[in-house]
Amino acid sequence: MAQDVKLTMDGTLLNWLKNAGDAVKSGEIIAEVEADKATVEVEAPADGVLVKLLAEVGDELTEGTVIAQIGAAGEASAPAAAPEPPAEAAEEPAPAEEKPTATASASVTEDGRIKASPLARNIAREKGIDLAQVQGTGPDGRIVKADVESFTPAAAPAPEEAPAVAEKAPAPAPALSGRQTYGKLPSGDDVEIIDASKMRRAIAENTVLSKQMVPHFYVTAEIDMDALMALRSQLNASLEQEGIKITVNDLIVKAVALTLRKFPNLNTHYYGDKLVRHKRVNVGIAVALPNNGLINVVSPDADRTALSAMAVHHKAMFDRAREGKIRPEDIRGATFTVSNLGAYDVEHFSAIINPPEAGILAVGSARKVPVVKPDGSLGVGTRMKATISVDHRVSDGAEGAQFMQHFRSLLENPMKLLV
Amino acid sequence: MAAKNLPMRDALRRALMEEMERDENVFVMGQEVGVWQGTHRVTQGFLEKFGERRVRDTPISEMAIAGAAVGAAMAGLRPVAEMMTINFAFLALDAMINHAAKIHYMFNGQFKVPAVFRAASGWGNQATATHSHTPEVIWAHFPGMYVATPATAGDAYGMLKTAIRNDNPILFSESIGLYPRPGQVPDDPDYMLPIGKADVKREGKHVTLVTYARGLEWCTAAAKELEKDGVQCEIVDMRWLRPLDTATVFESFKKTNRAVIVEESLPFYSFGSEIAAQIQEHCFDYMDAPVKRVSALDVPVPYSHDLELMCFPNAQKVVEAVKSIL
């Protein structure tokens, strides 16, 4: 029996890297999908032969869609069926590539009816499943038996489970997407009209949603970086043999994670009359992409991960992001985000929160500046400014200030990051 | 049970011959059944073996053949009347429907009409619009008439014996395309297949193919093709269009939740319409997809051989229908 290749995210099929009939190994990349946040590679879940491609390039697919099937080796090259009677044998040969039979699409018709088979409705009724929550994989997106049988409600909280973070904030206000909002589209020789990429549109929607719904407040602190820079040089000297290089950003992520451990309220997501406090500290890191775009990769359990391991993982993830080869697990489950523009020589800035997270830390450059030393004399020091944006529904100014105070003390006494 | 591999026409001949040997009330009549030994060679050697009294060549009048068969059956004989082809049997509809199928009821059971009307059915030799019919459902429409539509040589053997020994009038349809098809035929002169009982010819769990007669060939080829994609088809061969064994269809459908009905005949008011209606009526909560039909095209059959082929179902059309509902 063939094994299904299922999507683990919504997205548009960009490219098939394998053809029907090709042999594939488990883990081999067979397709690329443009998800909201990145181009994601789809791996073969098993060894075998790609017996069937069920989606076409350009198809908009939803999470859970079966895009291909992998059969046992030899399955696809099995000998032809028993001889047909002559009258039929003379007919046109079967087409080499089969028409896709199950491209998923919305299960809701234009007039709002949910398309589901009577059997699927019956099972949903017995199990108490709301069909509006189920994605149909039958012809024309119809919800069929298999869809309701494999359906697991998303509502139940699963605290210890890997990324238990909702992808989107609850009950979002209608997003201001669609250019009709801005009047007639300009035309003529003086302008070039460019289609907004899927990522651009996603960023637009998320930031509008955030700025409309999340009441931001900001707290900025200036941090003395001399000790941290010195420690970093020491660490990298000792790790040189292993080829590991710890960046300032790695140290900042570590400091944020440890601070979040102390201020769990800022590792909490707002869901109306409920607050979801995350037990894991997964720090999102905003990464600028070469072709104008942005992606938040995730450093899982950053509070508990050794700096050296974290450095290796971060580097590999950033490389994947910049090459457009991000994996689904690279971008899932952030509980708080760090946005670091330090590489661009900026003094400081403030960032927009990624809903439903409670905060984001905007980090400027570490710069040589004139400072007043403890003894009152003037001198030169290395200072960095960082600004936290906080969701006021979750936390208040004083806590934001305390967060920054603790964060600063960790960076200024960086041995604390190691113990 | 010991068995021989015989073409369907030989299986029919053997069944008929054994029944005539067993019961002297059984006799055959029809155009060219005697001297010419049968247009389809089913009655080959019969005239020599049984003589003119029991192997009767008739005038070219289907109404006369059917009418005489009804009278003979009412009088206690067991006629097996050959219609040469089912296309010509339309001429005999009054005798078959208004008389054969109704007499038992109209005379309050005083008379029985144990007549078998054999008729070759089908298309395939550019016989064009008037001589390419597969209209068995017309007979199946009427209470009082039974309709047999065997798909294999072995079934044809067992079903013809059952039909001859049954006391009801029976249209026994023989698909022209199946006459030369070989199959296992049991060495048992009393091999009788129950009247109105379907047969699951192949077991599967993903989709039920409901068919009869020549449709079985297309379904079997399609099932083998689909198996390569991991799709397991269950094939229900109805064998009889009346009585219709819907229980077997429902049982299979409740397992697979999907059905494709494959019929050699036309789609309007058809076998497929009936099965589809019965499935939705009795299995509504088990339906996981619409019921699909693969039928002949709703047109007069054209003379051109290529166009003729396009008019009828084949394995590829069945494969496509199955894929469209998976």
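Within the stretch A:397-419, what residues put their amide N at less than 15 Å from the label point 7 Å along the Cα-to-Cβ vector of A:Gln234?
Label zone hits: A:411-419.
Modelled label-to-label distance, B:Phe268 and B:Ala247, 7 Å Cα→beta-carbon offset: nm?
Rounded to a tenth, the inter-label distance reads 3.5 nm.
Using a Cα-Cα cut-off of under 22 Å, which lysines could be cross-linked to B:Lys112, ignoring same-chain neighbours fewer than 8 residues away?
Those lysines meeting the cut-off are B:Lys102, B:Lys161.
What angle do you read, to the nearest 10 degrees and between 0 and 90, between the alpha-carbon axis of helix B:315-325 and the longest principal axis of chain B?
Approximately 40 degrees, to the nearest ten.
I'd like the Karplus ³J(HN,Hα) series for the stretch A:233-241: coefficients 6.51, -1.76, 1.60, θ = phi - 60°, whole numbers in Hz, and an x wherever there's a Gly or Pro.
4, 4, 4, 5, 5, 6, 9, 4, 4
If each residue's Cβ is checked for other Cβ atoms within 10 Å, how do B:Cys219, B:Cys311 rank with the fewest at the top?
Ordered from fewest to most neighbouring Cβ atoms within 10 Å, B:Cys219, B:Cys311 come out as B:Cys311, B:Cys219.
Kindly state, to the nearest 0.05, the FRET efficiency for A:Ser26 paired with B:Glu21, given R0 = 51 Å and r defined as their beta-carbon distance.
Computed FRET efficiency for A:Ser26 and B:Glu21: 0.15.
Testing the spin-label approximation: label points 7 Å from Cα along Cα→Cβ at B:Asn5 and B:Asp94. State their distance in nm.
Here the answer is 5.0 nm between the modelled labels.
So what's the angle, to the nearest 10 degrees on a 0 to 90 scale, between helix B:62-74 and the longest Cα principal axis of chain B?
Between helix and principal axis, roughly 70 degrees.
Please give the peptides B:229-238, A:252-261, B:192-201 ranked by average Cβ packing (other Cβ atoms within 10 Å per residue), highest first, as a rough proxy for protection.
Most protected by this proxy first, the peptides run A:252-261, B:229-238, B:192-201.
Using only alpha carbons, build the gyration tensor for the stretch B:3-186 and give me the equivalent ellipsoid semi-axes, biggest first, whole Å.
23, 19, 16
Residues with amide H under 5 Å of B:Thr58's amide H, sequence separation 5 or more or different chain, H placed in the peptide plane at 1.01 Å from N; which?
B:Gly30, B:Gln31, B:Glu32, B:Val33
May I ask you to list the lysines whose Cα is less than 22 Å away from that of A:Lys198, ignoring any residue fewer than eight positions away on the same chain?
A:Lys6, A:Lys37, A:Lys168, A:Lys184, A:Lys211, A:Lys325
Given H placed 1.01 Å from N in the peptide plane, which residues other than close sequence neighbours of A:Gln3 have an amide H under 5 Å from its amide H?
A:Ile70, A:Gly71
Sorted by packing (mean other beta-carbon atoms within 10 Å per residue), highest first, where do A:14-20, B:143-149, A:326-332 land?
Ranked by mean Cβ neighbours within 10 Å, highest first: B:143-149, A:326-332, A:14-20.
Can you pull the mean other chain C-beta count within 10 Å for peptide B:285-292?
Rounded to a whole number, the mean comes out at 6.
What pairs from A:Lys52/A:Lys145; B:Lys201/B:Lys224; A:Lys18/B:Lys317; A:Lys145/B:Lys205 go past 18 Å between their alpha carbons?
A:Lys52/A:Lys145; A:Lys18/B:Lys317
Identify the residues of the stretch B:281-306 with backbone N under 20 Å of a label point that sits 7 angstrom from the Cα of A:Ala146 along the Cα-to-Cβ direction, or state none.
Inside the label zone: B:286-292.
Read phi for every residue in the stretch B:212-223 and hand back ³J(HN,Hα) as whole Hz from Karplus 6.51 cos²θ - 1.76 cosθ + 1.60, θ = phi - 60°, with x for Gly and Pro.
7, 6, 5, x, 4, 4, 5, 5, 5, 5, 5, 4
Which aspartates and glutamates does B:Lys228 reach when only Cα atoms under 16 Å apart count, and residues fewer than 8 places away in its own chain are ignored?
Cross-link targets: A:Asp4, A:Asp22, A:Glu75, A:Glu97, A:Glu98, B:Glu203, B:Glu320.
Once phi is turned into θ = phi - 60°, what whole-Hz ³J(HN,Hα) does the Karplus curve with 6.51, -1.76 and 1.60 give for every residue of the stretch B:155-169, x standing for Gly and Pro?
Once θ is set to phi - 60°, the couplings for the stretch B:155-169 become 5, 4, 4, x, 7, 5, 4, 4, 5, 5, 7, 7, 8, 9, x Hz.
How far apart, in nanometres, would the label points at B:Lys49 and B:Thr130 be if each is projected 7 angstrom from Cα along the Cα-to-Cβ direction?
3.5 nm
What are the residues whose amide H is under 5 Å from the amide H of A:Ala358, where those residues sit 5 or more places off or on another chain and H is modelled from the backbone?
For A:Ala358, the qualifying residues are A:Thr268.
What residue among B:Pro302, B:Pro313, B:Pro135 shows peak mean-square fluctuation when chain B is described by a Gaussian network model with Cα springs under 10 Å?
Sorting by GNM fluctuation, first place goes to B:Pro302.
Hey, what's the Cα Rg ratio for the stretch A:202-338 versus the globular rule of thumb, 2.2 N^0.38 Å?
In units of the 2.2 N^0.38 Å rule of thumb, it is 1.15.
What base-10 log of the normalised intensity I(q)/I(0) is obtained for the protein assembly as shown from the Debye formula, alpha carbons as equal point scatterers, at q = 0.07 Å⁻¹?
One equal scatterer on each Cα of the protein assembly as shown leads to -0.67.
Residue farthest toward the positive end of the dipole of the protein assembly as shown, with Cβ of Lys/Arg at +1 and Asp/Glu at -1: which of B:Met310, B:Gly177, B:Tyr286?
Projecting each Cα onto the dipole axis, the largest value belongs to B:Tyr286.
Identify which of B:Ala153, B:Ala119, B:Ala289 has the largest mean-square fluctuation in a Gaussian network model of chain B, with springs joining Cα atoms closer than 10 Å.
It is B:Ala289.
Any chance you could check the Cα centroid distance between the stretch A:181-215 and the stretch B:55-84 for me, in angstrom?
After rounding, the separation between the Cα centres reads 84 Å.
When you count, for each residue, the other Cβ atoms within 10 Å and take the mean per peptide, how do A:188-199, B:240-251 rank with the highest first?
Ranking the peptides A:188-199, B:240-251 by packing returns B:240-251, A:188-199.
Laboratory data are not the source of any read-out in this text; all were calculated from the coordinates shown. Please read all numbers here as calculations on a predicted model, not as lab measurements. Cβ: placed from backbone, ideal geometry, glycine included. Neighbour counts: every protein chain shown.
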